[in-house]
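Since every read-out is calculated from the coordinates, none of them should be taken as a lab result. Since we're looking at a predicted model, the values are computed, not measured. Cβ coordinates were reconstructed from backbone atoms using ideal geometry, including for glycine residues, and neighbour counts include every protein chain displayed.
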Amino acid sequence: MWRARWDPGVLKAEALALLPCGLGMAFSQSHVMAARRHQHSRLIIEVDEYSSNPTQAFTFYNINQGRFQPPHVQMVDPVPHDAPKPPGYTRFVCVSDTHSRTDPIQMPYGDVLIHAGDFTELGLPSEVKKFNEWLGSLPYEYKIVIAGNHELTFDQEFMADLIKQDFYYFPSVSKLKPENYENVQSLLTNCIYLQDSEVTVRGFRIYGSPWQPWFYGWGFNLPRGQALLEKWNLIPEGVDVLITHGPPLGFLDWVPKKMQRVGCVELLNTVQRRVQPRLHVFGHIHEGYGVMADGTTTYVNASVCTVNYQPVNPPIVIDLPTPRNS
Ligand SMILES: Nc1nc2c(ncn2[C@@H]2O[C@H](COP(=O)(O)O)[C@@H](O)[C@H]2O)c(=O)[nH]1
Ligand SMILES: [Mn+2]
Ligand SMILES: [Mn+2]
């Protein structure tokens, strides 16, 4: 069991970790938490000292804190698509990384569809229109979508830089005229599009953000550390469902061919220590498809496409109790 404890009024945090073997170990060191609390205000997450090396961060926190170990961290079986929804629950249907390959996907029954980004290959308006038509054909009460690194045209700063570089890295986007993509979000008429923003549906506060650690200079890429932390700092406390394109460190973020953990350390610390949502949905690392939980948050990597961009992973269904008064 991992617990955090705060000295009254402040600054220094102490973590108490019980290792899987049952031994209790107390830690009181700055790098254990990488967080502090402003007096009378919210918890401040700081850049982790292992931020730039997530594989090393994973190993360190596992050996020293058992942070990613059972019993508190577990793989979870998603709800079977044909299971009846319990009374008083909301059914979330989670997909990600469909990459303009939605035709073969069997969509299950549910109330709220979540798409965690990479719905296109390059963010071309024609792809966005096709995706929007697919959304329009689905029967969910709410459909909530964020962008991923493949939605190049949704990242205005990225497009401005691309023009300066004369489309050197993405020549196939060069035929687009700015007027065709400047307002590309407006093509998404059949969903609620979130970009560092939130919406409340059926009493759930849902927040979405497209940013992920820099990897070959795609859309919404930012360096690990302070730059990404500033985006995560925009996530309000009290959010029930968090949608990001990329995973947090240690949860469904393993890239086998590189033998690397690639999740964001600051996102993990923000999720586990500050925001503590009930559900965190993401994709991006196609190999990490699946569900895990840490006792507070259920983590869903909903990548429909495999690492070879084959759309074979089924949508993941999660039932959450609907908040009262909604
Ligand atoms: N070693 C890393 N591999 C990464 C990272 N981000 C993505 N990837 C690999 O690319 C595919 C597909 O990603 P996409 O965004 O192009 O669809 C993913 O499954 C990984 O294999 C990274 O930061 N480091
Ligand atoms: Mn993808
Ligand atoms: Mn991606």
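If you go through segment 194-213 and pick out every residue that is within 16 Å of ligand 3 (Cβ to nearest atom), within 23 Å of N132 (Cα to Cα), outside any loop (DSSP other than H, G, I, E, B) and out of contact with any His (no Cβ under 8 Å at 6 or more places or on another chain), you end up with 1. Number of residues in segment 141-168 that are hydroxyl-bearing (S, T, Y) and more than 25 Å from S303 (Cα to Cα): the value is 1.
In summary, helices (runs of 4 or more DSSP H) completely within segment 119-193 and bearing 3 or more residues that are surrounded by 16 or more Cβ atoms within 10 Å (Cβ to Cβ) occur at 125-136, 156-164.
Flag: E133 does not match the condition of being out of contact with any helix residue (DSSP H, G or I) (no Cβ under 6 Å at 6 or more places or on another chain) and under 19 Å from Q310 (Cα atoms).
Yes/no matrix, rows are residues, columns are (1) free of Cβ contacts under 8 Å to residues at least 40 places away in the same chain; (2) among the charged types (D, E, K, R); (3) farther than 24 Å from H150 by Cβ; (4) within 16 Å of ligand 2 (Cβ to nearest atom):
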| position | (1), (2), (3), (4) |
| --- | --- |
| H72 | no, no, yes, no |
| V79 | no, no, yes, no |
| D82 | yes, yes, yes, no |
| K85 | no, yes, yes, no |
| R91 | no, yes, yes, no |
| C94 | no, no, no, yes |
| H99 | no, no, no, yes |
| D111 | no, yes, yes, no |
| I114 | no, no, no, yes |
